[in-house]
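Engineer: Next up is a structure, given as structure tokens.
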Amino acid sequence: MDGDGDPESVGQPEEASLEEQPEEDRPEEEDRPEEEEAAAYLDELPEPLLLRVLAELPAAELVQACRLVCLRWKELVDGAPLWLLKCQQEGLVAEGGAEDERDHWQQFYFLSKRRRNLLRNPCGEEDLEGWCDVEHGGDGWRVEELPGDCGAEFTHDDSIRKFFVSSFEWCRKAQVIDLRAEGYWEELLDTTQPAIVVKDWYSGRSDAGCLYELTVKLLSEHEDVLAEFNSGQVVVTQDADEGGWTEISHTFTDYGPGVRFVRFEHAGQDSVYWKGWFGARMTNSSVWVEP
């Protein structure tokens, strides 16, 4: 057969003209992608309306994606009005809050969303789970039900039902909080330095005196102490407020850059050296990073 196997006799296929190409294969030179059309439409919106649209998106998407779309969107995401609006929509501030009442609404938003007690098992509901460096002086730590023998109810929060109680020699326990693992990024900790509030509640018995102590340290990445609070040994007499509960608190501010961990430690013992559990009682301990 003529031309079989002859490379010169086998012609190369000619490229079809645009008119001859199937419609679905023709390049869409005049049609922009749907995403570009949507972005162009949003970009034409008045700023107040665009802010309303952006405020409906998740915060992480705003920072990680929307901020990169264009210069206008970057300025809106970095500005206070968008985050003030999100705070209002999510009930973090009252409607009508003035923009100039706070410099950094974005930081306020993220801190407010993360606001919680960073201590685990603060009332002994899980025995000693979550606590470290536990020292069992005397007969050691024990968890009891409120109000306990010769004790008082915890009237400040009806949900609190248990407490830790120490013995006739010093009992200590601690927790170390990794702030980065809890969602607080380094730039925020180093520049904004949000307030770190620590609280504890202690009590004695109506039939025995006791001692209580609280020590909280702000630590660097290498566990150097950057700031510290120590209550000293607090003497609780047996007739002190008839065994009622006392709150102790401290707020760390302007602590400087480098804080990465919070070490919370409290301790107690009785002052009569009776066998058993007549020492200081503790419950509802907390560490908060405030907006």
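Engineer: For the range 132-289, what's the relative contact order in percent, using C-alpha pairs closer than 8 Å and at least 6 residues apart?
Structural biologist: Relative contact order for the range 132-289 comes out at 36 percent.
Engineer: Continuing with this model, one more query. Given a 1.4 angstrom probe, I'd like the percentage of the accessible area of the range 132-289 that is carbon and sulfur, rounded to a whole number.
Structural biologist: Carbon-and-sulfur percentage of accessible area, whole number: 44.
Engineer: Just add up the charged neighbours of Val143: K/R +1, D/E -1, any other residue whose Cβ is under 11 Å from the Cβ of Val143. Intermediate values should be presented prior to the final figure.
Structural biologist: Working: positive: Arg142, Arg161, Lys162, Arg281; negative: Glu125, Glu126, Asp127, Glu129, Glu144, Glu145.
Once all neighbours under 11 Å are counted, the net charge is -2.
Engineer: Between Arg142 and residues 5 or more places away or on another chain, which pairs have amide H atoms under 5 Å apart, with H built 1.01 Å from N, and which residues are they?
Structural biologist: Amide H neighbours of Arg142, under 5 Å, 5+ apart: Val165.
The values are calculated or read from the model by the stated rules, or taken from the named source; none is laboratory data. Predicted model, so just to flag it, every value in this text is computed and none were measured. Neighbour counts run over all protein chains shown; Cβ positions are idealised from the backbone, glycine included. Note: areas computed on protein heavy atoms with side chains; ligands, DNA, RNA excluded. Shrake-Rupley method; radii C 1.70, N 1.55, O 1.52, S 1.80 Å.
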